[in-house]
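Here the structure comes first, spelled out in structure tokens, and everything after it is commentary.
FYI, it's all coordinate maths here, none of it is from the lab. The structure displayed is predicted, hence computed values, not measured ones. Note that each Cβ is placed from the backbone with ideal geometry, even for glycine, and that neighbours are counted across all protein chains shown.
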Amino acid sequence: MKNKAIKLAVVGRGLIGSAAARHLSKMGCEVTLIGPSEPSDYAHHDGVFGSHYDEGRITRRLEPHPFWMQMNRASISRYGEIAAESGIDFYRAVGVLHIGASDSPEVALIGEIAEAAGIPCEAFEDASLAKRFPFLRSTKGMRGFFESVDAGYISPRRLVQAQTVAAQRAGARIIDEPALGISECGSGVTIKTRSGSIEAERVLVAAGGHTASLLGRSFGFKVLGRTVAMFRLGEAEVRRLSGMPSMRCFGPKGMDPYILPPIAYPDGHTWLKLGGDPVDVELDSEVDIKDWFRSGGSTRVADGLQAQILDRIHELQFEERRVVPCMTTFGDSGLPQIGPLSDRVAVAFGCYGKSAKCSDEMGRLGGMAVLGETRAELAP
């Protein structure tokens, strides 16, 4: 006689939650994935917000911290599996250029890590950097490592769609509403939504910056508002920059942007995107989070990002600038919060702006946590 499938709920239909739902459904669990779709109008939206409403996030294996390196490797190895299960493509292997001053210890560390980990990287300096990447405005005194294998960018929006479709095909049920409250009792967990309540034996909460307020407790993480600047390109610029990889620029805080190559967006246009805030905007409550997203982000930060992109990309011509808000969570340990809170409730969040590329493995670990399995790699 077949054992009865455990009845689980996953709260948070973002990158980590959708990944957890896929893994748990494939394991034979009865899964309900709860979370709203992307809002159509930020300015008038009164629900929760997420930061995966985008088409470009850098993906790579290279990372100084062993934990994040492991997360990256495991997730990237399953990109093909996720695409095959869902029929949705979300990854572009354009490579990643890690670049900074020739005497930068952070840039030197990239080369050391790549060599130790056996990750193929080409090293360039000054003239060779300019020859290989002619779109760069200046390469004097600069050094770069080009990570060409299992690196480039993903669409976080399409990755969430892919994980959700794959979870559904494996038997998951989707509730397209926000969770309004979670209560635990001896026999299970009740998740309240606008249309009613969902009962489950256990629940995984993967609600990003909303996690602490939803559960009514502090985890010691800060939710920080972030601003991204996007630049719409005409056809000629898209062609000129067609060989551009994703870029990680090393330098002082506020002068260390990440840059995505030209990417086609759902609006029919192609945009060049970069981010890297000089200041931290703390969002201490749900009201703060909503106000931040409705505000449209910081124009001052976008002005600084615009100056940086013009300083880094040779004679860049753009037709429009867009300012976009997002948020991420930071703690003191450098590690995410993934694990059980009780016999019936577990959490998976706290990503330091790193989780898009490695969200599949983080979701898998969150799924194991809600089933009662702890992982040694999550120990501080």
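Considering all alpha-carbon pairs of the stretch 222-330, what whole percent are spaced by more than 20 angstrom? Don't jump to the answer; show the numbers that get you there.
On the way: 2436 of 5886 pairs.
Result for the distance tail: 41 percent.
Looking at the chain, what % of its DSSP beta bridges pair antiparallel, to the nearest 5? Could you put the intermediate results ahead of the total?
Values: 57 of 76 bridges.
Once the DSSP bridges in the chain are tallied, antiparallel ones form about 75 percent.
Pick from E361, E237, E147: which residue has the top mean-square fluctuation in a GNM of the chain where Cα pairs under 10 Å get a spring?
Looking only at E361, E237, E147, the biggest GNM fluctuation is shown by E237.
Within 10 Å of each residue's Cβ, count the other Cβ atoms and sort D291, D332, D150 from fewest upward. Could you put the intermediate results ahead of the total?
Values: D291 12, D332 9, D150 20.
In increasing order of surrounding Cβ atoms, one gets D332, D291, D150.
Obtain the nm distance between the two label points defined at S197 and T299 by a simple spin-label model: each point lies 7 Å from its Cα along the Cα-to-C-beta direction.
4.8
Length gain on complete extension for the stretch E235 to H45, per 0.36 nm per residue less the alpha carbon to alpha carbon distance?
Gain on stretching E235 to H45: 65.1 nm.
Identify which of D103, D360, D343 has the largest mean-square fluctuation in a Gaussian network model of the chain, with springs joining Cα atoms closer than 10 Å.
D103
Calculate the spin-label point distance for D284 paired with A108, positioning each point 7 Å from the Cα along the beta-carbon direction, and give it in nanometres.
In this crude label model, A108 to D284 measures out at 4.2 nm.
Order by neighbour count: W271, W68, fewest other Cβ atoms within 10 Å first, most last. Before the final figure, lay out the partial values.
Working: W271 24, W68 21.
Ascending Cβ contact count within 10 Å gives the list W68, W271.
Roughly what angle does helix 299-312 make with the longest principal axis of the chain, taking Cα atoms, 0 to 90 degrees, to the nearest 10?
50
Can you figure out the FRET efficiency of V149 with K253, using R₀ = 22 Å and their beta-carbon distance, to the nearest 0.05? Kindly include the intermediate steps, with their values, before the conclusion.
Numbers: r = 30 Å, r/R0 = 1.35.
E(calc), rounded to 0.05, equals 0.15.
Just the number: Rg to Rh for the chain, Cα atoms, Kirkwood Rh, two decimals. Walk me through the numbers on the way to the answer.
On the way: Rg = 20.9 Å, Rh = 21.4 Å.
The Rg/Rh ratio comes out at 0.97.
Counting other beta carbons within 10 Å of each residue's own, what order do S40, S333 fall into, fewest first?
Sorted ascending by nearby Cβ count, the order is S40, S333.
Specify the angular offset, from 0 to 90 degrees and rounded to the nearest 10, of the alpha carbon long axis of helix 105-117 from the longest principal axis of the alpha carbons in the chain.
Once rounded, the angle reads 60 degrees.
Going by alpha carbons, how many degrees (0 to 90, nearest 10) lie between the helix axis of 355-370 and the longest principal axis of the chain?
It is inclined by approximately 20 degrees.
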